[in-house]
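Notes to accompany the following structure.
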Amino acid sequence: PFPPPLNTPTHSPLKQPRPPLQHCQSPARPATGIKRFALPDEFNFLKIARSIVERNDASARNAIELLIRERMDRTQYPQAAILLRELLALTPAKEADGVRQRISQIEGNWLQFLPAETQPAIGKASFDIRFRNGRKVTFSAVPVNVDLLLDDLRKYLASNPEQPNFRRAQLPDIGWRLIEEDGKKYLNGKPIEWTVDLNPADGHFDDTKTIEAPLPKAGAWWVQAQLQDGNTSRMILWLADLAIAEKQTEAGTLIFVADAVTGSPVP
């Protein structure tokens, strides 16, 4: 998953950007209410920082970093990218990759899946993505052989290992195993593929979109998204044909098994 733009840990990139400020302003509260006042040049820290940059001495990089943080805090990402390129020209070669990565963080094509809960199996599914800059994404979905997954889990627990691998015993961690271990053996069948056009927000802002997925049956699905000229993201999506409700009664625990779509009881 990609993080929000650097230096904005408390600012949602989905907010609308503030208009560029031509002058440094400071809020004050006179008797008539809160008001902004333009600061004179000798107190305008943006102009002061720019003058330090133009001196091109040992303090230039720190001054540019201050300007970058200010643009990022104001969610003015295009201006921040311009300043980052200016910083790149002053950065030693061994540190340049870090600056290039920060530029890519703003201007690159990025996508991630948002958390998706288990859904009833109605012949299709939906999930949300968060993306930046990209205009087209290709999805593929492959069913996971849950029966084989459960059989392996039973065999593993029956072996009574001296040092249990708790990650292996957690079914929701199948996504991690598909990436990090031998999980590919649990993929079963041909992938279902489809493409979706995206309309990214201006100014390198993030946007979200709900995706309709043509998944015909219940089970676990290994879903992959490849953003055009961008990154690849993956997740496990669970579709259920059964639902189990549980509650305590005077006689003990009552378990009710129902069809996940209709709610009808299942023998």
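The values are calculated or read from the model by the stated rules, or taken from the named source; none is laboratory data. Note that the coordinates shown come from a computational prediction; the quantities given were computed from them, not determined experimentally. Positions of Cβ are generated from backbone atoms using ideal geometry, with glycine treated the same way; all protein chains shown enter the neighbour counts. Accessible surface areas use protein heavy atoms only, side chains included; no ligands, DNA or RNA. Shrake-Rupley method; radii C 1.70, N 1.55, O 1.52, S 1.80 Å.
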message: Just checking, does segment 19-37 include any residue being modelled with pLDDT under 90, more than 21 Å from LEU83 (Cα to Cα), surrounded by 10 or more Cβ atoms within 10 Å (Cβ to Cβ) and out of contact with any strand residue (DSSP E or B) (no Cβ under 8 Å at 6 or more places or on another chain)?
response: no
query: Just for segment 234-253: of the residues that are of a type outside the set (Gly, Ala, Ser) and surrounded by fewer than 11 Cβ atoms within 10 Å (Cβ to Cβ), which one is farthest from LEU111 (Cα to Cα)?
result: GLU250
- line: All-but-one check, LEU88 against (1) open to solvent by less than 50 Å² (accessible area, probe 1.4 Å); (2) of a type outside the set (Val, Ile, Thr); (3) outside any helix (DSSP H, G or I), failing number (3)
task: Out of the residues in segment 124-137 that are open to solvent by less than 60 Å² (accessible area, probe 1.4 Å) and in a strand (DSSP E or B), state the one that is farthest from PRO200 (Cα to Cα).
output: ALA125
- line: GLN112: passes all of (1) touching a residue at least 24 places away in the same chain (Cβ under 8 Å); (2) assigned to a loop (DSSP other than H, G, I, E, B) but (2)
- prompt: Is it the case that segment 53-67 has a residue that's in contact (Cβ under 8 Å) with a residue 40 or more places away in the chain and part of a loop (DSSP other than H, G, I, E, B)?
  reply: no
query: Say we look at segment 157-169 and pick out the residues that are open to solvent by 70 Å² or more (accessible area, probe 1.4 Å) and at pLDDT below 80; which of these is nearest to the chain's Cα centre (by Cα)?
result: ARG167
- request: Would you mention how many residues in segment 48-85 are more than 24 Å from the chain's Cα centre (by Cα), open to solvent by 60 Å² or more (accessible area, probe 1.4 Å) and not aliphatic (A, V, I, L, M)?
  value: 8
Residue among LEU87, LEU150 that is in contact with a Lys or Arg (Cβ under 7 Å, 6 or more places away or on another chain) and either at pLDDT below 95 or more than 30 Å from ASP259 (Cα to Cα) (or both): LEU87
message: Which count do you get for residues in segment 91-123 that are farther than 21 Å from GLY175 by Cβ, surrounded by 12 or more Cβ atoms within 10 Å (Cβ to Cβ) and of a type in the set (A, V, I, L, M, F, W, C)?
response: 5
field: Residues that are touching a Pro at 6+ places or on another chain (Cβ under 9 Å), surrounded by 14 or more Cβ atoms within 10 Å (Cβ to Cβ) and part of a strand (DSSP E or B), drawn from segment 188-217
entry: ILE192, ASP206, ASP207
query: Only one of (1) free of Cβ contacts under 8 Å to residues at least 24 places away in the same chain; (2) open to solvent by 20 Å² or more (accessible area, probe 1.4 Å) is not met by ALA258, so which one is it?
result: (2)
